[in-house]
Every structure is written in C-alpha cells, then in structure tokens.
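Quick notes on the structure that follows.
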Amino acid sequence: MNLKIFSKIFLIINFVFFLNGISNADEKDIKLRGSDNSDNLEPVQITISPDLLDIDKALSLKSKYKIAKEFSITTDKTLKKKKKIKYRGSAKNIFKNYVNSVVFLYNPTEGEESLGAGFLVDKSGIILTNWHVTKGTKEIFVWPLPAGGSVETEVLFKEIDPYFGAVLAENKTQDLALIKVNGLPSSVKLVELGNNSDIEIGDTVYAIGHPNGLPWNFTNGMVTQIRKNKKWIYEDKSEHTATVIQTQTPISPGNSGGPLFSEKGKIVGINTWGAEGQNLNFAVAVDHAKEFIKQNPNLKNVNPVDSLIKKDYPNAKTQDYNKNGVIDTWYVDENKNGRIDLGFIDDNENGFVEGTLIDKDEDGIWEVLILDSDENGKTDQAYLDKNSDGKPDVLAHDYNEDGEWDKFENLS
C-alpha cells in the first residue's frame, strides 16, 4: 500500500479524534462491505485507480499513454484534416449506420506498438479484432468515434482520453482476439454478424478502419476469391490458418481487426492483411469469429479491470457484492499474514475502481473507505469508522483534490 496514502489516512483519524465543533450531516448509506475475511470469496486478479493505490502497473499505464501521444506524431507528421467523402446509395448507408460500431485501438507494448481497429460484438463491451493487434499485451487503449466525428490521430491521442481495454481471449492460429471494455458510450452500436455463405465472388464489400493512422476511413471493393484453409506467415514468423476472403478493398496497417461488410450491412470478415501486389487484401471469414465468440461465453460477466495487476496480487479474492454476476469487489492480504487488510470497490462496474477499503487492525471491520467519487484518478472523499461498529462516523472532503482535506463532517 502506498505509504503516502497511509500517512494521510492516519493523520485524518488523529485529527478527527481531537476535532471540536464539526458540523453535523445526514447519515448516509455507505457501502463499507461486511467482514473482510469471508470464506465465500474467490481468487481473481484486480486493477485500481492509480491515485487510490500507487502501483508500478498503474504508473506504467500513464507512461504508455504518454508514448501513445508521442507515437501519434511519428505516425504521419503531414496528416491534415480531409474532407469527408460523400458516398451514395447502399455504401453511404453502411458507413452512416456502422461507423459508430468501429473503435480505434492502440497497443502500447514496447517493441510491439501498433494501431488497429475493432468492432463491438456484444453489448457488454466485447470488441473483436486481430490477434496481431493485441499481440504481447493484456491491456490496450480504445477510442470510440468522437461525438463530433473523425479527427486526426494527433488530436485523438493528445486531446481525447481513451478507454481501457482488457485482452481476454486470443486465437493466434486464426488471428483473432476479444477485448472487453466497460462504460462505452451508447453511441457505440452493435454490429450484425453474417455468415460465410452471405458472400460470393464478385460481390461488393466495404471496410471501415484506420489505414496508416487515418481514423475511420471507408473503402470498398470486389470479392475476388474465397480461399479455404489459407496459410500465411507474418514477419515475426507466426503461422496462421483460416478461411479468408480475398478482396480488392484497399486496406493498410491500421485497418487490421476492422469489419468487412456485405452490401446488406452484415459483417462477413475481419480485415487482416494485404499481400504484395495490387489489390491483394484478405479478411478472416466471419464464421471463425462467430465460433471464437461462442467458445468464450463467460466474457460477458468479466470486469476488464481484473487483468491489470494480476502479477501484483495473484491471490486477491473477489466478491459479487450486488449479486448480478459481475465481480465488483476485491480483497487483498497485502502483508501476507493470512488476513485481509485491503479492499477495492467498483460499485458501478464500469471498469474503474473508485474506492479503497482499509482494515489496519485486521479485525474484519473496515476503518477507512477512500473514494474517487468522480473517477478522475484523484481522491476526493474518505469515510472513517472510529468505533469499529461497521458504520461511518466521519466524512472528509478534498474539494479541490489537492491531497489536503478541506472539510470534515460528523455522520454519527
């Protein structure tokens, strides 16, 4: 546990005991949780807000986001805003109806940095993409289409905060991966997965992606062949096999993992790679993706923050506090003496831990609950239970979030 945070907590407690004349406040129903040594817990991994627990992994994410901003500059320094292409007929409708389904992905792993695309396949926040986009990472940055429409890569990376995506399943052979993201805006729409049989040679197909860092680009082309059990090898020597759709639809790095649509607007493939030569581009056929999703039914109930610090707390125990099938509370024995002394809370299950529970004397009663109520990465409230009766007695406020408590309220 961050010693700075512990010191701050103990200063609060000592100050409260000697504080006179503090104002009364209405008693609130605070979810401090029950005993923290329950036997009905399951081991799992967790993640938390960097300000609630200062861990190397969280700091690493901040560093990687900085790398993402720098990467945007080197991607293409000459990028300038382009006029939107005015498509007609079915093409125009496909772009209009499904551009919000496609997300921008950035893999920050050192030595594996890459851009890619993905698309929403389940309302729980599951995104489908390519394995070679997620290669080497369990955490990935995700940007939905901005409310005002497509912006250039520099603007996206520098000015728009990404969502955190957890890579939860991969099929290396078929070059597929599933990412889970919580809290995506309602503007991100589900796609409709078609079938391999929906497409024939000579059909027109459409792609949405981010070729060479040009976000939310739209292209079309003709299906030139459907190749069953096609084998291919990437520069890293990884070998892959799948039924693929060969098209003239232009794709480039950054299109990888994005959707290939039929004229009816159904997904028929996942754009994957382009071969040397003119108009030789390939998409993994959609039936592979459907089977891959079917093989991972439990991802709907996974909180993506679970994967962020599994190396730091491999023995963390979990609880589904509201019993809706999604883990929202984690318990940690930080000093490894066999008794739980820390807890983390994601009550709204949006993939951001907004509360830290502390049981200093390990008696099963939480003395302190620290909150980041607005989920901006900075602590702004703390509840204290002075008499260990399981109910908060004092509420501390840090209104300007500068690390100093501005007001204390008596709740008892």
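The values are calculated or read from the model by the stated rules, or taken from the named source; none is laboratory data. Everything numeric here is computed off the predicted structure, so don't read it as measured data. Here the Cβ positions follow ideal geometry from the backbone for every residue, glycine too, while neighbour counts run over all protein chains shown. Areas reflect the complete protein model, heavy atoms only, side chains present, ligands, DNA and RNA absent. Shrake-Rupley method; radii C 1.70, N 1.55, O 1.52, S 1.80 Å.
Please indicate, with yes or no, whether at least one residue in the range 383-403 is under 21 Å from Asn303 (Cα atoms) and surrounded by 15 or more Cβ atoms within 10 Å (Cβ to Cβ). No. For the range 397-410, a residue qualifies if it is hydrophobic (A, V, I, L, M, F, W, C) and under 31 Å from the mean Cα position of the chain (by Cα), but none of them does. Within the range 139-154, residues that are over 16 Å from Ala117 (Cβ atoms) sit with their Cβ atoms under 8 Å from residues that are of a type in the set (S, T, N, Q), at 6+ positions apart or across chains, in these pairs: Glu139/Ser307; Ala147/Ser187; Glu154/Ser72. If the condition is being open to solvent by 60 Å² or more (accessible area, probe 1.4 Å) and closer than 16 Å to Leu176 by Cα, then the range 259-304 contributes Asp287, Lys290, Glu291, Lys294, Gln295, Pro297.
The set of residues from the range 218-251 being of a type in the set (A, V, I, L, M), surrounded by fewer than 17 Cβ atoms within 10 Å (Cβ to Cβ) and closer than 26 Å to Asn195 by Cβ comprises just one member, Met222.
Table: residues versus (1) within 19 Å of Val155 (Cβ to Cβ); (2) under 28 Å from the mean Cα position of the chain (by Cα).
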residue	(1), (2)
Glu200	no, no
His210	yes, yes
Trp216	yes, yes
Thr219	no, yes
Val223	no, no
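In the range 176-217, the qualifying residues are those that are touching a residue at least 60 places away in the same chain (Cβ under 8 Å) and of a type in the set (Gly, Ala, Ser), and the one that is surrounded by the fewest Cβ atoms within 10 Å (Cβ to Cβ) is Ser187. For Gly254, are the conditions met, namely being open to solvent by less than 70 Å² (accessible area, probe 1.4 Å), under 21 Å from Val103 (Cβ atoms) and at pLDDT below 95? In short, yes. Only residues that are assigned to a loop (DSSP other than H, G, I, E, B) and either touching a strand residue (DSSP E or B) at 6+ places or on another chain (Cβ under 8 Å) or at pLDDT 90 or above (or both) were counted in the range 129-177, giving 20. If you go through the range 123-161 and pick out every residue that is acidic (Asp, Glu) and open to solvent by 30 Å² or more (accessible area, probe 1.4 Å), you end up with 3. Whenever a residue of the range 398-409 is under 10 Å from Thr379 (Cα atoms), its partners that are exposed (fewer than 12 other Cβ atoms within 10 Å of the Cβ), lying with C-beta atoms within less than 7 angstrom and at least six residues away or across chains, give the pairs Asp398/Glu404.
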